[in-house]
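The next block holds one structure in the form of structure tokens; read it before the comments.
Computed from the coordinates by the stated procedures, all read-outs in this text should not be read as laboratory data. On a predicted model such as this, the values are computed, not experimentally measured, just so you know. For neighbour counting, all protein chains shown are included, and Cβ atoms are generated from backbone atoms with ideal geometry for every residue, glycine included.
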Amino acid sequence: MSHVPHELAEEFPDMKDRIHDLKMTNAHFARLADEYHTLNREIHRIEAAGINVDDPTYEDLKKQRLALKDDVFAMLDGG
């Protein structure tokens with residue numbers, strides 16, 4: 001399997017243990033992390049396969065990923 005960039009553990013390498021702990025103990029965090037993971041994989045699939053999607057759709061996917069990443073970070077940071 002090819003490397004998928006932007007995985008949460010890669011985005012927040014100093015918080016790997018916290019990510020794992022929150023996934024196990026916080027259902028809301030686990031759902032956000034799963035949504036991020038699914039969306040990130042879809043973006044990577046589009047990029048790796050050269051799938052033709054219109055720019056607004058692709059940009060919307062990336063904005064959604066960024067918003068999820070912000071939400072995840074807020075929870076990791078204690079918010």
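The residue of region 20-34 that is surrounded by the fewest Cβ atoms within 10 Å (Cβ to Cβ), among those that are closer than 13 Å to residue 68 by Cβ and in contact (Cβ under 8 Å) with a residue 12 or more places away in the chain, is 28.
Selection of helices (runs of 4 or more DSSP H) fully inside the chain by the criterion of at least 2 residues being among the aromatic types (Phe, Trp, Tyr) returns 27-49, 55-76.
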